[in-house]
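Visitor: This structure is in C-alpha cells; I'll ask about it shortly.
The values are calculated or read from the model by the stated rules, or taken from the named source; none is laboratory data. Please read these numbers as outputs of a predicted model, since none were measured by experiment. Neighbour counts are summed over all protein chains in view; Cβ atoms, including those assigned to glycine, are modelled from backbone coordinates with ideal geometry.
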Amino acid sequence: MVVKTETDMTIETSVRREAQVESREQSNINNMTMNIETKIEINIKEKISDMICLMDGRVIVVEEWGKVNLLTSDGKLQKQLPIPGEALSVTQINQNTIAITYPYEKAIKIFNMENETVTKVITLDKQCYGLSFSNNSLAVGLNDDEIRIIDLEGNTQKSIQVKCESYLENLVYCNDRVIYSDWVGKAVYCVDESGKQIWQYTQDLSQPYGLCTDTYGNIIVADCDSDRIIVISKDGQNSKVLISKEDGLKNPKCICFKHNESSGFICDYDGTYLAKFNLSS
C-alpha cells in the first residue's frame with residue numbers, strides 16, 4: 001500500500017494541471033458555458049466580502065467587516081465561527097485550517113476548524129485585505145499598492161509593488177502569479193512574483209470583485225454592477241460573458257469552485273443568495 005503525502009498529491013495535481021493547460025487550446029473559453037443549477041436563499045443579509053469552498057464541500061462566507069459564516073455543502077447556515085474581530089478575506093491552508101484577514105487589526109488569523117481556535121496571529125505593518133494560499137505561502141493584499149508573499153510564520157518572502165485604485169481585496173495566487181481585481185479602476189491584473197505585469201484586462205468591466213481560476217488557468221470574475229460572470233483567458237487576451245443579467249443573478253460579488261471540481265458557488269453583494277453553478281467546456 002502506498003500512502004501519498006499531501007505534498008505528493010499537490011505536486012501530482014499541479015503536474016496534471018500543467019499538462020492539461022498545455023493540451024488545451026488557449027481559445028477554449030469560446031466553448032465554455034456556465035449554468036445555474038440552483039439558487040438558495042441564505043439570508044445573511046450583510047454585505048459579503050469573500051467566500052471559499054472548503055475541501056470537504058462546505059462553504060465559508062465572510063461578512064464585510066464582520067462575522068465568518070460556515071455553511072453546509074447545500075448552502076444552509078451551520079454556524080458562525082467564534083473568531084473575534086472584523087473579518088474581510090479568507091483562504092484555506094489545509095483540511096482543518098483557514099486563514100482570515102482583519103484589516104483594522106493589521107492581522108491574519110490562522111484558525112483551526114476542528115477545535116475552533118485561533119492557533120496563530122500574524123501581525124503586519126499595514127492593513128491587510130485579500131488573501132490567497134498557494135505553494136505553502138500566503139499572498140496578502142496590503143492597502144492599495146503592495147501584494148506581499150509571506151510564509152505561515154509571517155516572514156516576508158517577496159514584496160510586489162502594484163497599482164490599484166481600490167484596496168487589494170480580491171486576489172488569487174497560483175502558478176507563481178497573482179491575479180487581482182480593481183473594482184474602482186474597472187480592471188483585472190496579472191503580475192508575477194517579481195512585480196512584472198504580465199497583463200491587464202480593462203474591456204467591458206463595470207465592477208469586478210471576486211475571482212477564481214479554473215483548472216486551465218482561465219480567470220472567472222464576478223462583475224457585480226453589471227450582474228454578469230465573465231471568463232478571461234489565461235493570457236488576458238480574450239473574454240466571454242458566461243452569465244448575464246437575463247440569467248437573474250443580481251449583484252454577484254464572490255465566486256468559488258468546489259475543490260477539484262468544475263462546479264461551485266456564487267454569492268451576491270448583500271448576502272441574500274447562494275447560486276450553485278456548473279461550468280462546462
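Visitor: Kindly list the number of the only condition in (1) buried (at least 19 other Cβ atoms within 10 Å of the Cβ); (2) at pLDDT below 95 that fails for residue 248.
Guide: All conditions pass for residue 248, except number (1).
Visitor: Would you mention how many residues in the range 195-220 are of a type in the set (D, E, K, R) and within 13 Å of the chain's Cα centre (by Cα)?
Guide: Adding up the residues that qualify gives 1.
Visitor: Taking the options 49, 73, name whichever one is touching a Lys or Arg at 6+ places or on another chain (Cβ under 9 Å), modelled with pLDDT of 95 or more and among the hydroxyl-bearing types (Ser, Thr, Tyr).
Guide: Numbers: 73 fails: modelled with pLDDT of 95 or more.
Residue meeting the stated conditions: 49.
Visitor: Also, quick follow-up: Residues that are among the hydroxyl-bearing types (Ser, Thr, Tyr) and closer than 19 Å to residue 223 by Cα: does the range 133-142 have at least one?
Guide: Residues of the range 133-142 among the hydroxyl-bearing types (Ser, Thr, Tyr): 134, 137.
Imposing the further condition that a residue be closer than 19 Å to residue 223 by Cα reduces the set to none.
No, every residue in the range 133-142 fails to be among the hydroxyl-bearing types (Ser, Thr, Tyr) and closer than 19 Å to residue 223 by Cα.
Visitor: Checking the structure you have, find out if any residue of the range 157-170 is within 17 Å of residue 240 (Cα to Cα) and over 15 Å from the mean Cα position of the chain (by Cα). Working first, answer last.
Guide: Filtering the range 157-170 down to residues within 17 Å of residue 240 (Cα to Cα) leaves none.
Within the range 157-170, not a single residue is within 17 Å of residue 240 (Cα to Cα) and over 15 Å from the mean Cα position of the chain (by Cα).
Visitor: Could you go through the range 221-243 and let me know if any residue there is under 16 Å from the mean Cα position of the chain (by Cα), under 16 Å from residue 71 (Cβ atoms) and part of a strand (DSSP E or B).
Guide: Checked the range 221-243: no residue is under 16 Å from the mean Cα position of the chain (by Cα), under 16 Å from residue 71 (Cβ atoms) and part of a strand (DSSP E or B).
Visitor: Within the range 174-220, take every residue that is of a type in the set (Asp, Glu) and assigned to a strand (DSSP E or B) and give me the one that is farthest from residue 52 (Cα to Cα). Can you show your working first?
Guide: Of the residues in the range 174-220, the ones of a type in the set (Asp, Glu) are 176, 182, 192-193, 204, 214.
Filter once more, keeping what is assigned to a strand (DSSP E or B): 182, 192.
Values: 182: 19, 192: 23 Å.
Ranking the qualifying residues of the range 174-220, first place goes to 192.
Visitor: Something else: Could you count how many residues in the range 119-146 are surrounded by fewer than 18 Cβ atoms within 10 Å (Cβ to Cβ), of a type in the set (D, E, K, R) and either in a loop (DSSP other than H, G, I, E, B) or touching a residue at least 60 places away in the same chain (Cβ under 8 Å) (or both)?
Guide: 3
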